[in-house]
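The values are calculated or read from the model by the stated rules, or taken from the named source; none is laboratory data. Since this is a predicted model, take the numbers as computed values, not measurements. Cβ coordinates were reconstructed from backbone atoms using ideal geometry, including for glycine residues, and neighbour counts include every protein chain displayed.
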Amino acid sequence: MTSAPLPTGAVLAMDHGMKRCGFAVADALRLTMTPLATFHGPGDGQGLIEHIVSLAEERSLSALLIGLPLHQDQSQSSQAKLIKNVAERLAQRLQNLRFLFIDEHLTSKEAEARLVEAGFTGQARKDRRDSWSALVMLEEWIENGEPLDNPLA
């Protein structure tokens, strides 16, 4: 099955959590990728939905890349169902956006290593971890040629 090409626009990546969600964005030309401020609040609440809608409108997004927590054998975790429910709610509000899922396995470890290397410690590192995890996912997706087949959907 061939997917339609991704429309031109920025791409937002989300590292979903029950208490915090991290975000990173790539510009339409994929020249810059930037971690954004972490959202603090329930991972299934209306506040998160409104936050993402606001980010989509501010940044002219074409796609939302959502990390799914998978087990080492690539099976989906129980939290994946909750994340897909959030994605369905978002899809009702953001009908022009392409929703893509990506394996977020080990992105937090990579983000943590990068934060240590960048010299962040303590609370500053903790505050950035989720958004830097989203950045790792976004970078991997772009490096892999921006796949649209979405086998995790």
Which residue, of Gln123, Gln74, is modelled with pLDDT of 90 or more and more than 17 Å from the chain's Cα centre (by Cα)? Gln123
Under 7 Å between Cβ atoms, at least 6 apart or on separate chains: pull out the pairs that start in the range 66-92 with a residue that is free of Cβ contacts under 8 Å to residues at least 12 places away in the same chain and end on any residue that is exposed (fewer than 13 other Cβ atoms within 10 Å of the Cβ). Ser77/His71
In the range 97-125, what residues are more than 28 Å from Asp73 (Cα to Cα) and touching a Leu at 6+ places or on another chain (Cβ under 9 Å)? Leu97, Thr121, Ala124, Arg125
Boolean, Leu29 is crowded, with 21+ Cβ neighbours inside 10 Å, farther than 21 Å from Asp127 by Cα and out of contact with any helix residue (DSSP H, G or I) (no Cβ under 6 Å at 6 or more places or on another chain): no
Search the range 66-105 for residues being within 17 Å of Trp141 (Cβ to Cβ) and of a type in the set (Asp, Glu), and hand back the single one that is surrounded by the fewest Cβ atoms within 10 Å (Cβ to Cβ). Asp103
